[in-house]
Amino acid sequence: MAALVRAASRGSDEAWNLLFARFGDLVWGVARAHGLSHCDASDVAQTVWLRLYQRLGRLTQPERVGAWLSTTTRRECLRLLREQQRQVPSALVEQLAREMAPAVDEIELADDPRADSRRFWAAYARLPAHCQLILRMLVAEPGSSYQAVSEAMDMPPGSVGPTRARCLERLRANLLYPDSSDGENGGEQATRQRALGSGRRRAAEEVS
Amino acid sequence: MTGEASEQDVAPIIPISALTREAAFRRFSEIVRRSDPVPAELREAISKIPARHRAGSTSGGREEREAELVYDSDEDGEALVGVRSISGGTRRLSFESDGIAIEVEITSGGKRSLVCQVVPAQPAVLEVRAAAGVSRRLEDVKGTFHLTGLRSGPLSLRCRLEASGAPVLSTTWVRI
């Protein structure tokens with residue numbers, strides 16, 4: 001990675017494009033996970049990439065360019081949100097929900113990819129903000145160490161794995177119980193209760 | 001990477017009640033890539049950054065340095081909750097390099113206006129750079145500039161000082 005950064009700093013367009021191919025999803029995902037609109041997320045992403053280009057030759061740890069990008073993006077998102085004087089919203093999910101297919105019943109949801117997407121986004125929308133961010137980052141960085149995630153979220157690298165597991169468990173719970181009002185706050189006990197309930201629901205679906 | 005996968009590329013649907021954590025993550029990953037990819041126009045704009053930088057470089061043989069962002073009133077507002085309302089829609093930024101400061105005040109609300117002062121005051125040429133390239137070029141004997149009608153988006157100011165041998169200073173890119 002450091003070699004790629006150095007090549008880009010010496011003017012290699014190919015190296016620059018490879019850097020973007022490697023981390024473009026990460027920057028975009030972090031911006032969108034903060035609930036920014038397409039327009040705001042694009043502005044933030046362009047600013048971050050322009051700033052990286054400006055600093056290519058001066059990054060103190062070029063091998064950690066992914067962590068630099070994720071941290072810089074998160075800071076810029078938080079600054080924009082402060083500027084707009086609003087809380088971290090779920091605008092992304094609301095927008096996506098509008099773009100997805102109209103509501104269909106449970107069985108169709110399981111078989112139709114578009115409806116399936118809508119259900120996942122709805123479940124994602126009910127996650128706490130830190131879970132939304134960590135999942136979007138990990139989608140963009142599936143094979144990486146957790147360095148970029150831990151630095152952007154200011155958490156120890158050892159906490160990323162357990163946090164990821166808890167967030168995915170909440171995502172599952174929200175998928176299973178889309179109408180549950182405490183989905184985003186449910187702890188282990190609530191998750192267990194939902195799991196018990198899922199058996200009953202499956203049975204009811206099979207009967208119907 | 002492109003997020004252009006068709007619905008036929010989606011893994012076979014597993015009933016949600018039977019999803020493991022990892023299966024849920026894989027499915028969510030597919031959905032994110034399919035329904036919220038990096039926009040094509042953003043992809044194109046970022047790929048053009050090196051070419052635009054080369055085309056817009058007007059340092060005229062002088063060394064070009066970054067005047068780094070050392071103060072942002074918006075960042076200051078993070079620690080001092082409630083202070084932002086005092087300054088209203090005005091954001092103050094300070095950039096520094098080699099003993100030269102570029103003080104900037106941006107007034108938001110629709111299109112932005114900007115006041116810029118080179119400190120110490122001296123003759124300077126200022127270029128306003130947006131993502132698409134240089135949008136304006138101004139000259140002032142005291143290094144004081146006032147611009148109106150700026151669009152929101154990435155911004156960097158490139159400042160060429162009249163003093164012999166002075167470097168060309170480009171401010172850190174910020175979003176306004």
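Table for the structure above
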{"read-out": "Failed condition for A:Arg194, given (1) of a type outside the set (A, V, I, L, M); (2) at pLDDT below 85; (3) open to solvent by 80 Å² or more (accessible area, probe 1.4 Å)", "value": "(3)"}
{"read-out": "Check on B:Gln122, in a loop (DSSP other than H, G, I, E, B), open to solvent by less than 60 Å² (accessible area, probe 1.4 Å) and touching a residue at least 24 places away in the same chain (Cβ under 8 Å)", "value": "yes"}
{"read-out": "Filter result for A:Ala97 (at pLDDT 60 or above and either of a type outside the set (A, V, I, L, M, F, W, C) or more than 19 Å from A:Thr73 (Cβ to Cβ) (or both))", "value": "no"}
{"read-out": "Residue in region B:69-86 that is outside the structural domain of B:Ala45 (by TED's automatic domain parsing), modelled with pLDDT of 85 or more and outside any strand (DSSP E or B) present", "value": "yes"}
{"read-out": "So B:Ser156, is it open to solvent by 60 Å² or more (accessible area, probe 1.4 Å), assigned to a strand (DSSP E or B) and in contact with a Lys or Arg (Cβ under 9 Å, 6 or more places away or on another chain)", "value": "no"}
{"read-out": "Every residue from region B:101-119 that is surrounded by fewer than 20 Cβ atoms within 10 Å (Cβ to Cβ) and within 19 Å of B:Arg65 (Cα to Cα)", "value": "B:Ala101, B:Glu103, B:Gln117, B:Val119"}
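The values are calculated or read from the model by the stated rules, or taken from the named source; none is laboratory data. Model, not experiment: these values are computed from the prediction. Reconstructed Cβ throughout: ideal geometry from the backbone, glycine too, with neighbour counts over all protein chains shown. What goes into the accessible areas is simple: the full protein's heavy atoms, side chains included, and nothing from ligands, DNA or RNA. Shrake-Rupley method; radii C 1.70, N 1.55, O 1.52, S 1.80 Å.
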